[in-house]
Structure formats: structure tokens, C-alpha cells
Amino acid sequence: MKKGHILFSLVIFLFIPAAYAEDIELPHVTVFGTAVTKVVPDKMLWNVRVMNKGQLLEGVTKKHLDIVRDVTIFLKETGIGEDLQTSRMEFGENWEYRDRTRVKEGYYAHTFITFSMTDFNIYKDLWLGLSRFDSVSVLNVNYDHTERIRYQNETRVKALLAAKEKAEILAKSIGSRIAEPLLIEEEWTGDDVEFKANVAEARFAEADTSSVSPGLIPIRMRVKAAFRLVTPE
């Protein structure tokens, strides 16, 4: 079979379970299984914004580029690695509302800087160092784990085993037993990978942030499964 045909067949196969879930004619039991693994995060994901305003566009953009350059240099000197990224660089007219009237107040420029860190010991240096830059604010900081995929896979297996156990209990209660699985679907939970540590638009402040309390990340997986029911005559 040609490679293109194999890929096409695979795509069709992946779409079969969604339709098949509603059309199983055999006696069966359908259950949901959920599992949660809590891990201590070892990674921080930062999203920082540089934004300044002024009356002259040329002055605003020049100052903005200087700030972004200095912040980038500081981050690299502090120990931030290759994933340091600047994005959504933009400048334009700054409009504000006064007495229900839209008024032009010069110009603005902003850039978003994202990076991650695994050495939590440099947290205080980052926090206090960035606070000394004008026009710098943190949008959010998320916790994550460098082995998140492995934990997800392990938790996924636990969720499926929990579904199987639930199906066995239900089948036994009516004098039956389960046979082969007829359907296995993963359900999206929406909160399985990250834990938000700071509220949006939080400003840096001169504070004692020498210690970090990352807590635990709940990695949650949920599956839907259907098993054929066998009932002795």
C-alpha cells in the first residue's frame, strides 16, 4: 500500500470511534475513568511586557528598543537560556477616553518577552532586577514540569484502568462480566498541565521574594470507555 493510502486509512480510523460511540449495538457498559497525578513543578514560564508612551513617535520607538535591548541583556546575564523570545512588537497611536470623548495622547510601543527557567534560585534576582526597568510588567507566570508528557502518559493509563475497574464493578452487580473494549476515548479536561502563579497585569514590586512556593501541579486525565457485556445464560 502506498504511503498516501496508509495515511488516509489512518485518518478514517481515527474518526470512527466518535461515530461508533453512539452506534454500538452489542450489550455493553460505558464508563468514564479519571486519574490525577500531583507533581512538584520544576519549571517556570514567564510572560513579560515592555510598554512605553510618549508624545513623539520617533522618541517612543527609540526608547522602547533601548528598554527591550537592556531587558534582554539582563535576562541572559541572569541565566535565562535559548528559549528567550520577543514577540508581538507593535507601535501606534495612543487613544484614551476622557469625559466620554476619545482623545489622542501621543504614541505607544510594546513588546512581549517570554522565557522559561528551571533554576528557582534566580527567581529573586529576576524579580528585583526587572523591577528596576521602566515600563516593564509581568503578565503571568505559570508553573510546568519538564517531564510533563511522561506524567500525562502515566496518568492516562491510570484513568483507563480506573474506567475498566468501574465497568467490572457495574457488570458484576448485575451478574455479568466485561469482555473486550469496544471504545476508548480521551476526554479533554482543560487543566492538566499548568498552574497559574500570578494574576494578570501584576506589577513587579520591591519585596522579599527569596522563597518560592510552587505547590503541586494536578495533572488530570479522563477517558471514556465501553466494554462488551457477557451474561451467562
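The values are calculated or read from the model by the stated rules, or taken from the named source; none is laboratory data. Keep in mind that this is a model prediction, so the values were computed, not measured. Note: ideal-geometry Cβ built from the backbone for every residue, glycine included; neighbour counts use all protein chains shown.
For the stretch 119-148, name all the residues that are β-branched (Val, Ile, Thr) and not in a helix (DSSP H, G or I).
Our first condition is that a residue be β-branched (Val, Ile, Thr); within the stretch 119-148, this holds for 122, 136, 138, 141, 146.
Within the stretch 119-148, VAL136, VAL138, VAL141, THR146 meet the criteria.
Restricting attention to the stretch 154-187, the residues that are assigned to a helix (DSSP H, G or I) and polar (S, T, N, Q) add up to 2.
Yes/no matrix, rows are residues, columns are (1) within 27 Å of PRO214 (Cα to Cα); (2) in the same structural domain as GLU168 (by TED's automatic domain parsing); (3) hydrophobic (A, V, I, L, M, F, W, C):
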{"site": "PHE32", "(1), (2), (3)": "no, yes, yes"}
{"site": "GLY54", "(1), (2), (3)": "no, no, no"}
{"site": "THR72", "(1), (2), (3)": "yes, no, no"}
{"site": "LEU75", "(1), (2), (3)": "yes, no, yes"}
{"site": "GLN85", "(1), (2), (3)": "yes, no, no"}
{"site": "ALA109", "(1), (2), (3)": "no, no, yes"}
{"site": "PHE115", "(1), (2), (3)": "yes, no, yes"}
{"site": "ASP119", "(1), (2), (3)": "yes, no, no"}
{"site": "ILE122", "(1), (2), (3)": "yes, no, yes"}
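Yes/no matrix, rows are residues, columns are (1) among the hydrophobic types (A, V, I, L, M, F, W, C); (2) modelled with pLDDT of 95 or more; (3) more than 30 Å from the chain's Cα centre (by Cα):
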site: VAL141; (1), (2), (3): yes, no, no
site: ARG156; (1), (2), (3): no, yes, no
site: LYS164; (1), (2), (3): no, yes, no
site: SER173; (1), (2), (3): no, yes, yes
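Pick from the stretch 128-146 the residues that are charged (D, E, K, R) and touching a residue at least 60 places away in the same chain (Cβ under 8 Å): which of them is surrounded by the most Cβ atoms within 10 Å (Cβ to Cβ)? Out of the qualifying residues, it is ASP144. Residue count for the stretch 70-89 satisfying the condition of being surrounded by 11 or more Cβ atoms within 10 Å (Cβ to Cβ) and without any contact (Cβ under 8 Å) to a residue 24 or more places away in the chain: 2.
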